[in-house]
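The values are calculated or read from the model by the stated rules, or taken from the named source; none is laboratory data. Predicted, not measured: the structure shown is a model, and the values here were computed from it. For neighbour counting, all protein chains shown are included, and Cβ atoms are generated from backbone atoms with ideal geometry for every residue, glycine included.
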Amino acid sequence: MRLVAESGLWTTGPAHPATTPLTAVLEVSGAVLSWTIDDPPDDAATHIAFTDVSRADWLWRVVGETGHVALTSALAAHPAGDLELAGVDVVSGSTAPLRRLALGHWLRRWWPASQRDGIAGLDRALLDVEVAVLTAGVQGFFTDDTLDSDVAGLLAPHAAALLSHLRTDDRRVLELVRSGARLADEAGLDDMAWAELSAAVDDSSVVATLPSGRRDDYALAAGTDGAPRGAASIGRGVASINWGAVPPGIFDAAEDTVDWSVEPAGPGVVAVIRAAVVGPDAPTDIPVRVNSGRSAAPEPWTPAAGPPSRSPTHTGTRWRRPRPGTTIGRGHRW
């Protein structure tokens, strides 16, 4: 195994060259593990960046007990420089459940749902339960609390949604719901919704009384809001969301899903911005900023199902046409 000192941390080689949306990341105690999502499963492809090797009590599970001792001893004796540790390798299959868990978190953060491109959204409740079950299965890697270790936090919002899933005839879904209910009980989730789910799991006669149907994950329609466009727009165009600059689970992931225009409004002008959204999260309280030359106007985001976001420009600006370098949004240049 080769160890490299990179950005003040010991790692098992250079970081993946893939951009953020293509990298699955998992924070465990004392380290951050990562994989390129479209690479074939391979233990050797696991990248490990040690944030505190003394907290990585799980290391023996990945490199064996002898490898654990050799690695920690070598890092203690060599505070800087690259190292080559002969005979220390990743144990075959040891990182497979961790990679699967990392992919689960990647799906929660980066799945590119799009009505325009026909990419269905994932069921958030079922996905979070599966990620919680996977997390519980590798608790030996989470001796400390990390960003990815909160089982209760994954399960807490979904009792009602899981209850509706009990009417399915898909055995995989039923087993996942049952596993989620057991795990919630172990995690101490005992409010009324979880008590109702536990009762339904234990008594099949309760299931017959449950409402049918599923929530529509696309309650906010993709595309523009259908509001009338200004008849005398000074300029208009389309653009794409910078996928890495906005929160996940809100905007349509297709290209050219943002419409913008600059329109007269009395003695001034306004910038009108519309973006396609798919949910399940609400597109509220997302800062939008319009820049043109020396003018700048911040504006909170308004859902596409309601009025478009309108930002007044600086009163000294006179727009005969959009200026080169005009930017609207978070990291978007049009």
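Things worth noting here:
- Residue in segment 70-84 that is within 28 Å of Leu155 (Cα to Cα) and modelled with pLDDT of 90 or more present: no
- Single residue of segment 1-43 satisfying the filter (among the β-branched types (Val, Ile, Thr) and assigned to a strand (DSSP E or B)) that is modelled with the lowest pLDDT: Val4
- Filter pass, Arg100 being touching a residue at least 24 places away in the same chain (Cβ under 8 Å), surrounded by fewer than 17 Cβ atoms within 10 Å (Cβ to Cβ), under 16 Å from the mean Cα position of the chain (by Cα) and outside any loop (DSSP other than H, G, I, E, B): no
- Of all residues in segment 159-173, those that are over 16 Å from Asp190 (Cα atoms) have Cβ atoms under 7 Å from Cβ atoms of residues that are among the hydroxyl-bearing types (Ser, Thr, Tyr), 6 or more apart or on another chain, in Arg167/Ser212.
- For segment 108-129, a tally of residues being exposed (fewer than 15 other Cβ atoms within 10 Å of the Cβ) and either of a type in the set (A, V, I, L, M) or touching a residue at least 12 places away in the same chain (Cβ under 8 Å) (or both) returns 3.
Results for (1) touching a Gly at 6+ places or on another chain (Cβ under 7 Å); (2) farther than 30 Å from Asp52 by Cβ; (3) at pLDDT 95 or above, shown as yes or no for each residue.
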| position | (1), (2), (3) |
| --- | --- |
| His105 | no, no, yes |
| Ile119 | no, yes, no |
| Leu122 | no, yes, no |
| Thr143 | no, no, no |
| Ala161 | no, yes, no |
| Arg167 | no, yes, no |
| Arg171 | no, yes, no |
| Leu174 | no, yes, no |
| Gly180 | no, yes, yes |
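- Condition check for Asp57 on (1) in the same structural domain as Thr23 (by the TED database); (2) part of a helix (DSSP H, G or I): one failure, at (2).
- Residues being surrounded by fewer than 17 Cβ atoms within 10 Å (Cβ to Cβ) and under 12 Å from Met1 (Cα atoms) - total across segment 58-73: 0
- Of all residues making up segment 125-160, the number that are touching a Lys or Arg at 6+ places or on another chain (Cβ under 8 Å) and either not in a helix (DSSP H, G or I) or not aromatic (Phe, Trp, Tyr) (or both): 8
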